[in-house]
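Trainee: Below is the structure I would like to discuss, written out as structure tokens.
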Amino acid sequence: MTGIAIWLAAGTLAGVVPAGAQTPPYLERVSRGRDVTPAYEGWRRNPDGTFAMYFGYLNRNYQEELDIPIGPDNNVDPGGDRGQPTHFYPRRNRFLFTVVVPKDWGLERKVVWSLTVRGKTNTAKGWLQPEWEINDEIVMMNTGGGADLQNKPPVITGPAAQTITLPNTLTLTAVARDDGRPNPKRVAVDPEGNPVGGQGLSLRWIFYRGPAGATLEPATAVVGYEKPVEATATVRFKSAGVYVLRAIASDGSLETFHDVTVTVK
């Protein structure tokens, strides 16, 4: 295995907090009012010799979703706008976008993503440190807790770019297929033979970029077992602008994205 696996431990207790003792800050489950920390996930070498640096984030809130427009409070150096999200869902969201740098980038230069929320600025610095090289095995260990070396990411088909006029809504449908790996855990079934719980192939839509106020219904994932999965969402917009809606297919270890750019007039 190349590189290192970067783990974010959340809620794993080494001991018991005594009764009446103050809860340590890192164990507090705060619904809203906290900041967002960008995260550098690692890098891969592209076939053409360039390098892709991967970034995600930790929204420290357990419920609050935040909107941070591209600009002084949400920028990547160099470039400013490098495809980073502007809508931030709660908790850890990994491997969301890449910044491609040329083959002669070198070890000293850095890509820096900065986010400012409520007056607090956090940064993630990406560089080509050899220990931060990643592959699918490392991605699986970070997202799914295991590494099936024969697993391939899901495949998504979805709509092309769209243009609508307010106050119209937009309905988006995506279909995901998978290779059936990693081998699913034993899944319970209800009296009619339908799966109950367990990880299968999941597919969901999220609001990735654009002016604040867009909503998706439903906002939950569709899960299937040993068959293609179809997810449909209706999107409502509050204002004109350019938006990116993203379909995310996951087999529990690897994810695939399908982005749809929507121009709202």
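Trainee: Given the residues Ser250, Ser239, which is the only one that is among the small types (Gly, Ala, Ser) and more than 17 Å from the chain's Cα centre (by Cα)?
Mentor: Details: Ser250 fails: more than 17 Å from the chain's Cα centre (by Cα).
Answer to the selection: Ser239.
Here is a yes/no grid of residues against (1) free of Cβ contacts under 8 Å to residues at least 40 places away in the same chain; (2) of a type in the set (Gly, Ala, Ser); (3) in contact with a strand residue (DSSP E or B) (Cβ under 7 Å, 6 or more places away or on another chain):
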site	(1), (2), (3)
Gly79	yes, yes, no
Arg82	yes, no, yes
Tyr89	no, no, yes
Phe95	no, no, yes
Leu107	yes, no, no
Lys110	yes, no, yes
Ser114	no, yes, yes
Asp136	no, no, no
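Trainee: Take the residues in segment 213-239 that are small (Gly, Ala, Ser) and at pLDDT 95 or above, then tell me which one is surrounded by the fewest Cβ atoms within 10 Å (Cβ to Cβ).
Mentor: Step one: list which residues in segment 213-239 are small (Gly, Ala, Ser), which gives 213-214, 219, 221, 224, 231, 233, 239.
Okay, now just the ones that are also at pLDDT 95 or above, so 231, 233, 239.
Working: Ala231: 24, Ala233: 22, Ser239: 12.
Only one residue fits best here, namely Ser239.
Trainee: Additional query: Do we have any residue at all in segment 104-114 that's farther than 24 Å from Val36 by Cβ, among the aromatic types (Phe, Trp, Tyr) and crowded, with 17+ Cβ neighbours inside 10 Å? Spell out how you get there, then give the answer.
Mentor: Our first condition is that a residue be farther than 24 Å from Val36 by Cβ; within segment 104-114, this holds for 104-109.
Still in the list and also among the aromatic types (Phe, Trp, Tyr): 105.
Filter once more, so that each one left must be crowded, with 17+ Cβ neighbours inside 10 Å: 105.
Yes: one or more hits.
Trainee: Only one of these is at pLDDT below 90 and either β-branched (Val, Ile, Thr) or assigned by TED's automatic domain parsing to the domain that holds Phe257 (or both): Thr37, Thr50, Thr12. Name it.
Mentor: Details: Thr37 fails: at pLDDT below 90; Thr50 fails: at pLDDT below 90.
Going through Thr37, Thr50, Thr12 in turn, just one is at pLDDT below 90 and either β-branched (Val, Ile, Thr) or assigned by TED's automatic domain parsing to the domain that holds Phe257 (or both): Thr12.
Trainee: Let me ask another. What tally of residues in segment 69-96 results from selecting those that are of a type in the set (A, V, I, L, M) and over 16 Å from the mean Cα position of the chain (by Cα)? Steps first, answer last, please.
Mentor: Within segment 69-96, the subset of a type in the set (A, V, I, L, M) is 70, 76, 96.
Cutting the leftovers down to over 16 Å from the mean Cα position of the chain (by Cα) gives us 70, 76.
So the count comes out to 2.
Trainee: Is it the case that some residue within segment 111-120 is at pLDDT below 95, among the charged types (D, E, K, R) and over 23 Å from Trp205 (Cβ atoms)?
Mentor: For segment 111-120, residues at pLDDT below 95, among the charged types (D, E, K, R) and over 23 Å from Trp205 (Cβ atoms): present.
Trainee: Find the residue count for segment 240-265, including only residues that are acidic (Asp, Glu) and surrounded by fewer than 19 Cβ atoms within 10 Å (Cβ to Cβ). I'd like the intermediate steps shown before the answer.
Mentor: Pass one, segment 240-265, residues acidic (Asp, Glu): 251, 255, 259.
Now narrow it down to the ones that are surrounded by fewer than 19 Cβ atoms within 10 Å (Cβ to Cβ): 259.
Result for segment 240-265: 1.
Trainee: Among the residues of segment 52-75, count how many are assigned to a strand (DSSP E or B) and surrounded by 15 or more Cβ atoms within 10 Å (Cβ to Cβ).
Mentor: Of the residues in segment 52-75, the ones assigned to a strand (DSSP E or B) are 52-59, 66-67, 71, 74-75.
Those left that are additionally surrounded by 15 or more Cβ atoms within 10 Å (Cβ to Cβ): 52-59, 66-67, 74-75.
Number of matching residues: 12.
Trainee: Do we have Gly49 as touching a Lys or Arg at 6+ places or on another chain (Cβ under 7 Å), exposed (fewer than 12 other Cβ atoms within 10 Å of the Cβ) and in a loop (DSSP other than H, G, I, E, B) here? It would help to see each step written out before you state the result.
Mentor: On the way: touching a Lys or Arg at 6+ places or on another chain (Cβ under 7 Å): yes; exposed (fewer than 12 other Cβ atoms within 10 Å of the Cβ): yes; in a loop (DSSP other than H, G, I, E, B): yes.
Here the answer is yes, as Gly49 does meet what is asked.
Trainee: Moving to a separate point now. Just a yes or no: is a residue in segment 43-51 closer than 26 Å to Leu216 by Cα and within 21 Å of the chain's Cα centre (by Cα)?
Mentor: Residues of segment 43-51 closer than 26 Å to Leu216 by Cα: none.
There is no residue in segment 43-51 that is closer than 26 Å to Leu216 by Cα and within 21 Å of the chain's Cα centre (by Cα).
Trainee: List pairs: first in segment 241-263 and farther than 16 Å from Gly158 by Cα, second among the charged types (D, E, K, R), Cβ under 6 Å, 6+ apart or cross-chain?
Mentor: Going by the 6 Å Cβ cut-off, the qualifying pairs are Asp251/Asp178.
The values are calculated or read from the model by the stated rules, or taken from the named source; none is laboratory data. Being a predicted model, the structure only gives us computed values, none of them experimental. When we count neighbours, we look across all protein chains shown, and the Cβ atoms used for this are built from the backbone with ideal geometry, even at glycine.
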